[in-house]
Amino acid sequence: MTNAHLEAVEPAGETTHYVLHLYVTGSTPRSIQAIANIRKICEAHLVGRYDLDVVDISEDPMRAQSEQIIAAPTLIKTLPLPLRRFIGDMSQTDRIMVGLDLRAGGAAIPTERS
Amino acid sequence: MTHKVGIDAPDHLATSALIAENARLQIRLAEAEETLRAIRTDEVDALVVQSAVGPKLYTLQGLDAEIMRFRGDMLAQVSDAVIAIDKDERITYINAAAEDLYGVSASQALGSTLPRVYDLRWFHPADEVAAHTDLDDLGEWRGENIHIRSDGRELNVESSVTVLRNIGGEATGRLAVVRDITERKQHENKLQVSEVRYRRLFEAAHDGILVIDPGTSKIIDANPFMTQLLGYPYSDLIGKELFEIGLWKDGRASQDMFAKLKLSGQVRYENLPLERVSGEHQDVEVVANLYEENGRSVIQCNIRDISERRRSEAHVEMLMAEVNHRAKNLLAVVQAVAYQTARQGDPATLMTRLSERINGLAIGQDLLVKNQWHGVDVADLVRGQLAHFADLIGTRVSLSGPTLRLTSEAAQAIGMALHELATNAVKYGALSNLEGCVHIAWKTLPGNQPTFDMSWVESGGPAVTVPTHKGFGHTIIGRLVEASVQGVTQIAFEPGGLMWRLTAPMDNAIAPANPAKSASPASAVL
């Protein structure tokens with residue numbers, strides 16, 4: 001079986017636990033914005049069922065290498081599968097929510113652009 | 001069919017793998033496009049490029065980003081906790097010191113609201129209002145409050161909060177620099193408790209305490225008892241030197257004391273005269289200590305009023321001398337009693353008679369000791385000597401007389417006389433049968449020469465016969481008691497019973513001060 005087979009099987013339900021890694025570079029405005037935006041989304045839709053690990057790659061560049069990060073800020077949804085990546089300040093709520101399998105569409109959560 | 005399946009299956013699997021790989025590549029492609037889009041739309045801060053020495057970070061935001069990063073690095077180094085929040089009160093920055101202080105990691109805290117890291121408690125509701133007012137009006141606030149960590153631990157903190165603004169001047173968040181002052185506060189609280197405790201000791205002490213500046217020799221503090229001891233109000237003591245307040249009236253002696261104190265750190269004077277503001281003199285003991293207080297020397301002078309102790313010592317000395325004198329007297333009396341008892345009477349009963357007489361003396365001594373040699377009440381003396389007949393008192397033995405205190409000498413002699421009279425009454429007189437009575441009375445007779453009058457009158461006993469010879473008992477109730485009070489005795493062997501009477505100048509028999517004793521006058525019948 002390939003990863004593609006595994007990734008295809010588990011649709012996210014309302015009890016699914018999310019493991020997210022957000023890679024940022026210090027306290028730049030976009031990093032700060034990305035952190036704030038993703039935290040808002042999580043607290044609105046994943047209360048009590050998510051782990052968000054914020055990684056500063058300016059402090060720990062090797063973490064960037066192990067996760068094949070090429071730009072920051074980058075959010076990686078490790079669980080549930082499939083693994084997904086999102087680049088930017090996380091202000092495009094609809095796209096991120098669809099990518100996180102939280103909903104197909106609907107009202108956007110107000111997030112901010114720096 | 002089976003053959004066909006056997007041929008088709010690998011093809012089918014290969015097709016599925018290709019579809020899956022295609023899907024994966026499409027996702028990667030979408031992600032690559034996403035990355036390019038993000039870079040194009042300026043949503044990316046930095047690019048990570050693999051190099052021979054590992055990943056290398058290229059920031060895309062020029063000088064501002066570098067300056068920001070530099071500031072971030074500086075904040076990370078400071079020992080105070082630094083936390084920045086955005087206008088929604090979400091944490092956008094937390095340094096290592098803040099992670100330690102609140103027991104959270106940056107990854108947990110970033111993007112979270114403040115209550116996730118700590119709750120606030122103000123000392124007074126007005127403090128919170130004042131803080132918000134300062135932040136709104138001045139853009140900054142500095143003050144103290146309590147931060148409660150998520151594990152419940154409370155921290156006393158001193159915070160400095162500044163409003164962050166963008167180039168347009170719009171508030172974008174706040175930056176707080178927080179210092180943990182919990183230990184300092186605990187120390188301050190301990191100091192406060194200690195201050196209250198020792199201040200109470202200082203103020204309630206029954207020793208006078210002066211605090212003196214050794215540089216100027218002037219008093220800088222005094223406790224309330226000191227003002228009481230000297231009779232000066234507190235304000236009059238402060239700024240004065242010791243010789244000015246009646247201690248070491250000689251300024252030179254006072255200087256000598258300071259010199260000794262500086263050499264040895266402590267001086268003690270067991271008996272110094274102190275002159276109160278009223279001019280009255282008082283004996284005091286002075287102990288002075290030199291010690292350091294916040295890097296400067298101070299002298300603590302404890303002054304104890306020893307007048308009472310001196311009086312007590314004098315009284316003990318007087319008592320010791322009195323006891324010595326009494327003991328010598330008593331030994332002389334015992335010697336005389338033993339000699340006279342042995343010289344007269346039946347040798348076979350010598351030990352019994354001698355023992356009884358010494359016992360009578362002992363009763364008188366006990367009463368004297370009980371009254372600290374200040375004499376003995378007549379009623380107590382009578383009851384003591386008649387203790388063997390206590391059950392007869394009130395029936396066959398009656399006592400009457402006012403409360404009068406005999407001098408020690410009179411008590412000793414009259415006590416011995418009463419003992420002889422009682423012994424005689426039991427052996428030969430009114431108490432030797434079942435009907436006889438004894439009436440003991442005493443009184444004072446006023447006049448130019450007030451007189452003490454005491455009598456022992458027996459009645460109802462066996463018929464009285466006048467003794468053919470006078471023994472030592474007769475001497476005791478006669479000459480001995482007369483000599484002790486310069487009085488006169490009458491001894492009559494009346495047919496109805498023995499009558500004994502003593503009259504003496506009151507000053508010789510009755511203690512002058514007649515210290516108040518609670519005993520009521522003997523009633524007609526005790």
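The values are calculated or read from the model by the stated rules, or taken from the named source; none is laboratory data. Since the structure is predicted, the reported quantities are computational estimates derived from the model, not experimental observations. Backbone-built Cβ (ideal geometry, glycine too); neighbour counts: all protein chains shown. Surface accessibility is based on the protein's heavy atoms, side chains included, excluding ligands, DNA and RNA. Shrake-Rupley method; radii C 1.70, N 1.55, O 1.52, S 1.80 Å.
Can you tell me how the range B:445-507 classifies by the Cα gyration tensor, rounded, prolate or oblate, using a/c under 1.5 as the rounded cut?
Working: a/c = 3.69, a/b = 1.64, b/c = 2.25.
Oblate shape, in that a/c is at least 1.5 and b/c is the bigger or equal ratio.
Relative to the longest principal axis of the Cα atoms of chain B, the long axis of helix B:251-264 lies at roughly 60 degrees. Farthest towards the positive end of the charge dipole of chain B, among the residues B:ALA126, B:CYS437, B:GLY143, is the Cα of B:CYS437, using unit charges on the Cβ of Lys, Arg, Asp and Glu.
Put a dot 7 Å past each Cα toward the Cβ at B:GLU128 and B:VAL196; how far apart are the dots in nm? For B:VAL196 paired with B:GLU128, the spin-label model returns 2.6 nm.
Roughly how many percent of the accessible protein surface of the range B:173-308 is carbon and sulfur, given a 1.4 Å probe and a whole-percent answer?
Values: 3790 of 7820 Å².
Carbon-and-sulfur percentage of accessible area, whole number: 48.
Can you give the extra length, in nm with one decimal, that the chain gains between B:GLU188 and B:VAL334 once fully stretched, where that is 0.36 nm per residue apart less the Cα-Cα distance? Could you put the intermediate results ahead of the total?
Values: separation 146, 0.36 × 146 = 52.56 nm, distance 7.42 nm.
So the extension gain works out to 45.1 nm.
Convex hull volume of the Cα atoms of the range B:77-186, normalised per residue: 105 Å³.
Rg and Dmax, both from the Cα atoms of the protein assembly as shown and both in Å, are 54.6, 170. Placing unit charges on the Cβ atoms of the charged side chains and taking the dipole of chain B about its Cα centre, the candidate lying farthest along the positive direction among B:LEU406, B:LEU502, B:LEU29 is B:LEU502.
Inter-chain neighbour count for A:36-42: the average number of beta-carbon atoms from partner chains within 10 Å of each residue's beta-carbon is 4. Per atom type, the range A:16-99 shows carbon and sulfur on 56% of its accessible surface, probed at 1.4 Å. For chain B, the relative contact order works out to 7 percent when only alpha carbon pairs closer than 8 Å and six or more residues apart are counted. Legend: residue pairs B:LYS218/B:LYS260; B:LYS370/B:LYS443; B:LYS240/B:LYS260; B:LYS240/B:LYS262; B:LYS185/B:LYS218, Cα-Cα distance threshold 28 Å; pairs beyond threshold, B:LYS185/B:LYS218. The order of the peptides B:204-215, B:187-198, A:76-87 by mean Cβ neighbours within 10 Å, most packed first, is A:76-87, B:204-215, B:187-198.
Using a probe radius of 1.4 angstrom, the carbon and sulfur fraction of the accessible surface of the range B:312-509 is 59%.
Which whole number gives the average, over all residues in A:18-30, of C-beta atoms from other chains lying within 10 Å of the residue C-beta? Walk me through the numbers before you get to the answer.
Numbers: counts 0, 0, 0, 1, 3, 2, 4, 13, 13, 14, 10, 8, 9.
Mean inter-chain Cβ contacts per residue within 10 Å come to 6.
In Å², nearest 100, what accessible area do chains A and B bury in total when the solvent probe is 1.4 Å?
Values: alone 6630 and 31400 Å², together 34760 Å².
Summed over both sides, the interface buries about 3300 Å².
With N as its number of residues, the range B:312-509 has a Cα radius of gyration that, divided by 2.2 N^0.38 Å, comes to 1.03. A crude spin-label estimate for the pair B:ASN289 and B:LYS56, with each label 7 Å from Cα along the Cβ direction, gives 7.2 nm.
Sort B:108-116, B:322-330 by the packing proxy (mean of other Cβ within 10 Å over each peptide's residues), most packed first.
Values: B:108-116: 19.9, B:322-330: 13.2.
So the order, starting with the most tightly packed, is B:108-116, B:322-330.
With a cap of 14 neighbouring Cβ atoms within 10 Å, and only residues DSSP puts in a loop, list the GluC sites (Glu not before Pro) found in the range B:76-168. Intermediate results must be reported in sequence, preceding the final value.
Values: sites: B:GLU89, B:GLU99, B:GLU128, B:GLU140, B:GLU144, B:GLU154, B:GLU158; in loops: B:GLU89.
Taking the range B:76-168 and a limit of 14 other Cβ atoms within 10 Å, the loop GluC sites (Glu not before Pro) found are B:GLU89.
Solvent-accessible surface of the protein assembly as shown, averaged per residue with a 1.4 angstrom probe and all protein chains in place: 54 square angstrom. Length gained on full extension, B:GLN266 to B:LEU135, computed as 0.36 nm times the residue gap minus the Cα-Cα distance: 41.5 nm.
For the range B:312-509, a simple Cβ point-charge model (Lys and Arg +1, Asp and Glu -1, everything else neutral) yields a dipole of about 360 debye relative to the Cα centre. For the peptides B:501-507, B:260-266, residues were scored by their other Cβ atoms within 10 Å and the scores averaged per peptide; the highest-first order is B:501-507, B:260-266. Using a simple spin-label model with pseudo-atoms 7 Å out from Cα toward Cβ, B:ALA348 and B:GLU158 lie 10.5 nm apart. Placing unit charges on each Cβ (+1 for Lys and Arg, -1 for Asp and Glu) gives the range B:312-509 a dipole about its Cα centre, and among B:LEU367, B:GLN449, B:SER355 the Cα reaching farthest toward its positive end belongs to B:SER355.
Contact residues in the range B:29-48 (at least 20 Å² less accessible area with all protein chains than alone, 1.4 Å probe): B:GLU31, B:GLU34, B:THR35, B:ARG37, B:ASP42, B:GLU43, B:VAL44, B:ASP45, B:ALA46, B:VAL48.
Under 24 Å of direct C-alpha separation, and excluding same-chain neighbours fewer than eight residues apart, A:LYS40 reaches these lysines: A:LYS77, B:LYS87.
Semi-axes of the range B:195-254's equivalent ellipsoid from the Cα gyration tensor, sqrt of 5 times each eigenvalue, largest first, rounded to whole Å? Mind dumping the intermediate values first?
Details: eigenvalues 89, 33, 18 Å².
The equivalent ellipsoid of the range B:195-254 has semi-axes of 21, 13, 9 Å.
Of all DSSP beta bridges confined to the range B:391-490, the antiparallel ones make up roughly 65%. Can you tally the net charge around B:GLY460? Count Lys and Arg as +1, Asp and Glu as -1, for every other residue whose Cβ sits under 9 Å from the Cβ of B:GLY460. For residues surrounding B:GLY460, the net value is -1.
Placing +1 on the Cβ of every Lys and Arg and -1 on the Cβ of every Asp and Glu, with no other charges, gives chain B a dipole of roughly 2980 debye about its Cα centre. Indicate the gyration tensor shape class of chain B (rounded, prolate or oblate), computed on the Cα atoms with a ≥ b ≥ c the square roots of the eigenvalues: a/c under 1.5 is rounded; otherwise a/b larger than b/c is prolate and the rest oblate. Prolate.
Charged side chains reduced to their Cβ positions (Lys and Arg at +1, Asp and Glu at -1) give the protein assembly as shown a dipole of some 2600 debye around its Cα centre.
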